[in-house]
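One structure is given here, and the rest of the page talks about it.
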Amino acid sequence: MSQEELLKVEGLSVTYYGPPDVEAVHHASFDIKRGEIFGLAGESGCGKTTLIAALTRLLPDNGAVTAGSIAFAGADWLHMTPPEVDAWRWQKISLVSQSAMNSLNPVISVGDQIVDAILAHRPNTPKREAWERAEALLRMVEVDPKHVHSFAHELSGGMRQRVMIAMALALEPDLVVMDEPTTALDVVVQAQIIHQVRSLQERLGFSVIFVTHDMSLLLSIADRMAIMYAGEIVELGSRERLNRHAAHPYTRGLIDSFPSVFEKKSRVGIPGAPPSMVTPPPGCRFHLRCPERLSVCDVAVPEERVLDSGGHRVRCHLYSVDALRQGSHD
Ligand SMILES: Nc1ncnc2c1ncn2[C@@H]1O[C@H](COP(=O)(O)OP(=O)(O)O)[C@@H](O)[C@H]1O
Ligand SMILES: [Mg+2]
């Protein structure tokens, strides 16, 4: 894996204006290397889709980046004009969204939709070549190329999702962002699609941001991953580190909530629910649900600690010597 940086996010905060105003992402920092699968996990409502929307410059009108920066392929991505962003969309960055399965146009054939996307960005492509490319893309995601003539309703959910992945790859982007791309599918189809993404990624070399609430999935496919809780990245590290040394009690809770495919025993979830994002709790945002809470956790915001030379980092008082000295378990 090349270590060249493709995307660098620093101190990113995003607010939705209400009332009430909601700060859905708070000071997020991470980078994406070329050719890696980067996972983003966390319970529903923790800000994953918001972070992705900021990264893809697709925030809704009531949402805005209030702090931070995004460097993408060497450019100041947040300050690029809408026409510049449009020119990069599909060619450098593409999104397979949470509702992708339902975002195929029902009255236009699959092939026409792929061809339209190709011609919109590369208008000099001969039409015949664009159709051949559409067929090749379907073959690449293991959908019979005869389905260029099919309409969305003629395809299964899994096939529709494969078609969306084919479209996302149509213009050979550097970064493909997938927001819970398989959550709506049954587990067998999920596994097939995820293995396919992995093998395409290894063959074509693009980077992937893969968003899910399913930790066991990330622990099997991601090179590195970030864990979000209540708008913040609370832990970030390599798959190896998180498999063996998950540090944040929230990460460990998430891992324990999802059985691996080889396990029969049922798992305990994390008791309680994520806090309101309108008024996040003081101190550590996780302290109300944390099985390892210290008294300091109620009042002091934990600083981020780096745990190894590979950039494994965690935002938790358990890793701060001072806090451990002062605090005692409640
Ligand atoms: N368009 C919006 N307007 C206002 N609040 C929103 C909007 N979209 C999401 N939110 C809020 O932002 C927070 C994070 O949501 P989201 O990014 O969708 O989380 P996730 O993808 O992790 O489930 C939630 O509190 C959600 O209610
Ligand atoms: Mg989401």
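Every read-out reported here was derived from the displayed coordinates using simple, explicitly stated rules and does not represent laboratory data. Treat the numbers as computed from the prediction; the structure is a model and nothing was measured. As a convention, Cβ positions derive from the backbone with ideal geometry for all residues, glycine included, and neighbour counts pool all protein chains shown.
What to note about this one:
- Stretchable slack from residue 122 to residue 156, in nm (0.36 nm times residue separation minus alpha-carbon distance): 9.3 nm
- Rounded to whole numbers, the Karplus 3J(HN,Hα) couplings from phi for segment 274-287 are x, x, 5, 7, 6, 10, x, x, x, x, 6, 5, 9, 4 Hz, using 6.51 cos²θ - 1.76 cosθ + 1.60 with θ = phi - 60°, and x at Gly and Pro.
- Assigned charges on the beta-carbon of Lys, Arg, Asp, Glu; the chain dipole about Cα centre (debye): 580
- Taking amide H atoms as placed 1.01 Å from N in the peptide plane, the amide H of residue 40 lies under 5 Å from those of 210, 211, 212, 226, each 5 or more residues away in sequence or on another chain.
- For the chain, projected area of the alpha-carbon convex hull averaged over all directions, nm²: 18.2
- Each peptide among 274-285, 233-244, 37-48 gets the average number of other Cβ atoms lying within 10 Å of its residues, and from highest to lowest they stand as 37-48, 233-244, 274-285.
- With contributions of -39500 (n - 2.57) from each DSSP H run of at least four residues, the per-residue ellipticity at 222 nm computed over the chain stands at -9000 deg cm²/dmol.
- When each of the peptides 9-22, 168-181 is scored by how many other beta carbons lie within 10 Å of its residues on average, the order from highest to lowest is 168-181, 9-22.
- Stretching residue 257 away from residue 29 to a fully extended chain increases their span by 79.5 nm, per 0.36 nm per residue minus the current alpha-carbon distance.
- Modelled FRET efficiency - R0 41 Å, residue 202 with residue 298, Cβ distances, 0.05 increments: 0.35
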